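Each remark here refers to the structure printed beneath this line.
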There are 2 protein chains.
Amino acid sequence: MVPLFAQQALWGGQDIVSPEIHSDNSVTFRVYAPEAQKIQVTGDFLPPREIDTQVGKTEGPGVADLLKGSNGVWEYKTAAPLSPELYSYSLIVDGVKTTDPNNVYMIRDVATVQNVFMIGGGRGDLYKTNKVPHGTVARRWYSSPTLKMERRLTVYTPPGYESGNKRYPVFYLLHGMGGDEEAWIALGRTAQIMDNLIAQGKASPMIVVMTNGNAVQEAAPGESSLNFYKPTFQLPKTMEGSMEQSFPDVVNFIDNSYRTVKSKQGRAIAGLSMGGFHSLHISKQYPDMFDYVGLFSAAIMPGKDVKSPVYSNMEEKLKVQFEKKPKLYWIGIGKTDFLYQANTDYRKMLDARNYKYVYYESEGGHIWRNWRIYLSEFAPLLFK
Amino acid sequence: MVPLFAQQALWGGQDIVSPEIHSDNSVTFRVYAPEAQKIQVTGDFLPPREIDTQVGKTEGPGVADLLKGSNGVWEYKTAAPLSPELYSYSLIVDGVKTTDPNNVYMIRDVATVQNVFMIGGGRGDLYKTNKVPHGTVARRWYSSPTLKMERRLTVYTPPGYESGNKRYPVFYLLHGMGGDEEAWIALGRTAQIMDNLIAQGKASPMIVVMTNGNAVQEAAPGESSLNFYKPTFQLPKTMEGSMEQSFPDVVNFIDNSYRTVKSKQGRAIAGLSMGGFHSLHISKQYPDMFDYVGLFSAAIMPGKDVKSPVYSNMEEKLKVQFEKKPKLYWIGIGKTDFLYQANTDYRKMLDARNYKYVYYESEGGHIWRNWRIYLSEFAPLLFK
């Protein structure tokens, strides 16, 4: 006879709360696992730890051991309260890194799914769904004549858009390598950040368009005619000009489908990492299209072997772009980002030519925590 | 020194395909777990098995053992090819039921998250994203004056809606107990089914509105101002009249926000289980609102102690509803559904009064497989 509790553990959920966020913002992780030998938790709330590999030392997310109680429930409580943030983590059950069976909140990042939890307060409150007016989030399909494909994108329309007649400016927000049109909504908490910034009067009401920057993809994994397959990090046709050359297809679709401000002063573009690279090149390739440009931890330079005309005559095109005086050219990077030096070099080049930009330097590296911060800093500067 | 492969297994993903769907539609599940003692897979693709519990025998999902290979990779291959269907499963790692680290496709059902995979062909092709015109799926918020809340719903608009001027009929599609406004899109594959039925000319283009039937909730778990919390199956205010009484708020919002056919012949309502109960009572409470009614595995009767005026004078209200001759009153139920007898009794009552309805009896029980089938059968009958 199997006791009911064990049955529930095997066939249904577990009657356990994990993670439990205590009133002081310390957090306890729990799992019922009477048969397991070892359970650990790993995530970005733990200090990173050094790992030996065949190719030398590297940094990986921290790992902490859960301790087994006599009731078969394993526990780990953080040593200290956590700062406000959206954190992600996984459990490691006898060596298998997987999700916490007691936490239904998960976000996919490229080919892995991790659990998430939030610590509110301070900037963390921007990432929460609050009792404020909410925009609409739509997944739509558009035709790209340039790529000869039907493609999917995500559109945030601000509170009041659907019930009114006003025209709105448009912010095009691009993901990084391995990402897709779901990345900014899921990992970036874009809808919550925009709802909250608009409700606080800090950001102008605007449409936010989150595209798919992988020119070979119709849509995010699981959402295209390929249906369910194992996603990979690196795809062909990402940084070879196709995305940039086909971008006017997106702008045309949005201008024809929404009540937009159809001019340079009504358009912003920003992206993270590869999306920063795309934003840099799209904005200089079409210098009359965007008055606001944001490079978030941008992958600045194309590979030397990339031959697209998009990347040729870069200095000349930048000269044209900056002579037209964009209202905002914004560069954000973390101090320990592997692209820090490339961004420093790029800024030196801009400085040497006296091209105006705004610079925002944060702690940390090439991580979503920073991209949520950059979005929260950048959006309030737009369309003012 | 940790080998790179193990490092990848611990900190990132695994370089393994699971599930692998073979050309004959048999399926192999795999996981790299050199330290685990026992790994099993459980899911609705396996025959159910009998379980002893403290309260007697019951039926649970089947379980199969994975076998460990010398390379640390565990495997299980189905004994036979699987029929076309969307299946869900979990791995059990040393007794902990969790998700497959090699499959990013997961669907939450109330308080648990399971992996999913699809076998195409036959009806299964309706559940796939195919190269056909795609509708738009929007998450929106509306005001319910009756419930005094801002609430979230999901709206599918058919291909061509946004670019045209035509008015469209509206199909209100309701979830079951524990579900929310995400259930039909995620578990029900509504967008795919509607895209495919419309592309095949089998269903009329229509708007599909998926509401939240839990009158205490603003929105699905994780999407409301409660943010991340552990969802529970049974909520207060689900089958006591509030949902039914506030439903005109939804219809008014949709009629004011979309180009709808604003009359009885342009409206359908259907729901599964608790949503079938809601559809029954809403359609009889407002007999001039819906010309098409679908009861999918409906929870037919209110509890005897429920005092809402919605449930009073039921026979009289049904008489009014059927005298107005709805174009379609559709009842679908599975042969082994625990609500089979209640549905049989209800049909007998309708028969005795000579109220016309269409009856669809399927194999199986109270499961999503049946609700996808009922949606696929019901939608083509609407607005013709």
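In a reduced charge model with +1 at each Lys and Arg Cβ and -1 at each Asp and Glu Cβ, chain B shows a dipole moment near 1340 debye about its Cα centre.
Spatial offset of the range A:325-382 relative to the range A:61-139 amounts to 28 Å, using the alpha carbon center of each.
Taking a ≥ b ≥ c as the square roots of the eigenvalues of the Cα gyration tensor, an a/c ratio of 1.5 or more together with a/b larger than b/c marks chain B as prolate.
Could you size up the charge dipole of the protein assembly as shown around its Cα centre, putting +1 on the beta carbon of Lys and Arg and -1 on that of Asp and Glu, and report it in debye to the nearest 20?
Computed charge dipole of the protein assembly as shown: roughly 2520 debye.
Amide H contacts of B:A268: B:V170, B:F171, B:Y172, each under 5 Å away and 5 or more positions distant or on a separate chain (H built 1.01 Å from N in the peptide plane; Pro and chain starts excluded).
For the protein assembly as shown, just say rounded, prolate or oblate: build the C-alpha gyration tensor, square-root its eigenvalues into a ≥ b ≥ c, call rounded for a/c under 1.5, and beyond that prolate if a/b exceeds b/c, oblate if not. Oblate shape, in that a/c is at least 1.5 and b/c is the bigger or equal ratio. A simple packing score, the average count of other Cβ atoms within 10 Å per residue, orders the peptides A:97-105, B:30-38 as A:97-105, B:30-38, with the highest score first. In a reduced charge model with +1 at each Lys and Arg Cβ and -1 at each Asp and Glu Cβ, the range B:97-165 shows a dipole moment near 180 debye about its Cα centre. Using a Gaussian network model of chain A in which every pair of alpha carbons under 10 angstrom is joined by a spring, one finds that among A:V137, A:V73, A:V208 the greatest mean-square fluctuation is at A:V73. Projecting the Cα atoms of A:P145, A:A36, A:S23 onto the dipole axis of chain A, where Lys and Arg carry +1 and Asp and Glu carry -1 at the beta carbon, places A:P145 farthest toward the positive end.
So what is the 222 nm mean residue ellipticity for the protein assembly as shown from helices alone, if each DSSP H run of at least 4 adds -39500 (n - 2.57) and you divide by all residues, rounding to the nearest 500 deg cm²/dmol? Write out the running numbers ahead of the final one.
Values: 16 runs with 168 residues, N = 768.
It comes out at -6500 deg cm²/dmol, rounded to the nearest 500.
Shortest first, A:K38 label-point distances to identical copies amount to 2.0 nm, with the label point at 7 Å from Cα along Cα→Cβ. Considering only B:G120, B:G201, B:G135, the mean-square fluctuation computed in a Gaussian network model of chain B, springs between alpha carbons under 10 angstrom, is largest for B:G201. Neighbouring Cβ atoms from other chains, within 10 Å of the Cβ of residues in B:86-97, number 6 on average.
The Cα atoms of the range B:12-119 cover 43, 33, 28 Å along the three principal axes, with the biggest extent listed first. Restricting the range A:289-351 to trypsin sites (Lys or Arg not before Pro) that sit in a DSSP loop and have at most 12 other Cβ atoms within 10 Å of their own Cβ leaves A:K304, A:K307, A:K324, A:K335.
Normalised by the number of residues in chain A, the average gap of Cα pairs under 8 Å and 6 or more apart makes the relative contact order 12 percent. Legend: mean number of C-beta atoms from other chains within 10 angstrom of residue C-beta atoms, peptide B:33-46, equals 2. Taking the label point 7 Å along Cα→Cβ, B:R259 and its counterparts in the other copies are spaced 1.6 nm apart, in ascending order. Residues whose amide H falls under 5 Å from that of B:V358, counting only those 5 or more places apart or on a different chain, are B:Y329, B:W330, B:I331, with hydrogens built in the peptide plane. Between identical copies, the spacing of B:E20 label points, each set 7 Å from Cα toward the C-beta atom, reads 4.3 nm from nearest to farthest.
Taking amide H as placed 1.01 Å from N in the peptide plane, B:A203 has its amide H under 5 Å from the amide H of B:I198, each at least 5 places away in sequence or on another chain. Placing one equal scatterer on every Cα of the range A:277-384 and applying the Debye formula, the log10 ratio I(q)/I(0) at q = 0.09, 0.20, 0.23 Å⁻¹ is -0.22, -1.12, -1.41. Couplings 3J(HN,Hα) for the range B:210-219, derived from phi with the Karplus relation 6.51 cos²θ - 1.76 cosθ + 1.60 (θ = phi - 60°), are 10, 8, 9, x, 9, 5, 8, 8, 6, 6 Hz, where x marks Gly and Pro. Since only B:G120, A:P326, A:V132 are under comparison, the one whose Cα sits farthest along the positive direction of the charge dipole of the protein assembly as shown, derived from C-beta charges on Lys, Arg, Asp and Glu, is A:P326.
Any read-out appearing in this document is the output of simple, stated calculations on the displayed coordinates, not a laboratory observation. A quick note: this is a predicted structure, and the numbers were derived from the prediction, not measured. Don't worry about glycine lacking a Cβ; one is built from the backbone with ideal geometry, like all the others, and counts go over all protein chains shown.
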